[in-house]
Amino acid sequence: MRLKIPDQFPIGPHKVKIRWSNADCEKEDAYGYFKYGPNEIVLREDLLTTDPSGGLLIETVIHEVLEAIVCHYDIEMTHQTIQTIGLAMTMFAQRIGFEDVPK
Ligand SMILES: [Zn+2]
């Protein structure tokens with residue numbers, strides 16, 4: 001199985017867009033980030049090519065989806081908790097056969 005990252009996906013009634021931009025992520029000093037205003041997750045394009053087996057792309061996507069869920073449902077959660085759940089979910093996704101090489 002390979003990751004098929006959609007252009008957008010729903011969180012409840014909200015449509016979250018996914019956009020790829022190295023430049024914007026460099027400004028944020030992140031592999032990806034979620035922004036509430038435009039309701040979008042921005043991901044580094046070079047995650048698609050620079051980390052073929054490290055799980056960085058899938059971890060980044062899962063982490064930012066969690067950030068979006070926490071934001072939209074106004075859940076109180078520390079960033080450390082988001083990181084821990086994201087890492088655990090990444091390990092589970094890899095266990096069930098997701099790879100992060102979307103070729
Ligand atoms: Zn974060």
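The values are calculated or read from the model by the stated rules, or taken from the named source; none is laboratory data. Predicted model only: the values in this text are computed from it and were never measured. Quick reminder, even Gly has a Cβ in these numbers, built from the backbone with ideal geometry, and neighbours come from all protein chains shown.
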* **Residue that is nearest to the ligand (Cβ to nearest atom), among those in region 17-35 that are of a type in the set (Gly, Ala, Ser) and outside any strand (DSSP E or B)** => Ala30
* Structure fact -> In region 52-85, anything farther than 22 Å from Phe9 by Cα and either modelled with pLDDT under 95 or among the aromatic types (Phe, Trp, Tyr) (or both) is listed as Pro52, Ser53, Gly54
* Asked: For region 44-61, how many residues are more than 13 Å from Val16 (Cα to Cα) and surrounded by 21 or more Cβ atoms within 10 Å (Cβ to Cβ)?
  -> 6
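Out of curiosity, is Leu66 away from the ligand (no atom under 11 Å from the Cβ), under 14 Å from the mean Cα position of the chain (by Cα), assigned to a helix (DSSP H, G or I) and free of Cβ contacts under 8 Å to residues at least 40 places away in the same chain?
no
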* Asked: In the set Pro10, Pro6, which member is loosely packed, with under 13 Cβ neighbours inside 10 Å and either basic (Lys, Arg) or under 16 Å from Phe98 (Cβ atoms) (or both)?
  -> Pro6
* **Filter pass, Tyr36 being among the aromatic types (Phe, Trp, Tyr) and touching a residue at least 60 places away in the same chain (Cβ under 8 Å)** => no
* Scanning region 77-99 for residues that are assigned to a helix (DSSP H, G or I) and of a type in the set (Ser, Thr, Tyr), which turns out surrounded by the most Cβ atoms within 10 Å (Cβ to Cβ)? -> Thr90
* Answer from Ile75, Ile58 - the residue that is in contact with a helix residue (DSSP H, G or I) (Cβ under 8 Å, 6 or more places away or on another chain) and over 19 Å from Leu3 (Cα atoms) -> Ile75
* Return yes when Thr49 is within 16 Å of the ligand (Cβ to nearest atom), out of contact with any Cys (no Cβ under 6 Å at 6 or more places or on another chain) and not basic (Lys, Arg) and no when it is not. => no
* Which residues, counting only those in region 36-55, are within 14 Å of Leu3 (Cβ to Cβ), in a loop (DSSP other than H, G, I, E, B) and of a type in the set (S, T, N, Q)? -> Ser53
* **Those residues of region 1-16 which are over 14 Å from the mean Cα position of the chain (by Cα) and part of a loop (DSSP other than H, G, I, E, B), in sequence order** => Met1, Gly12, Pro13
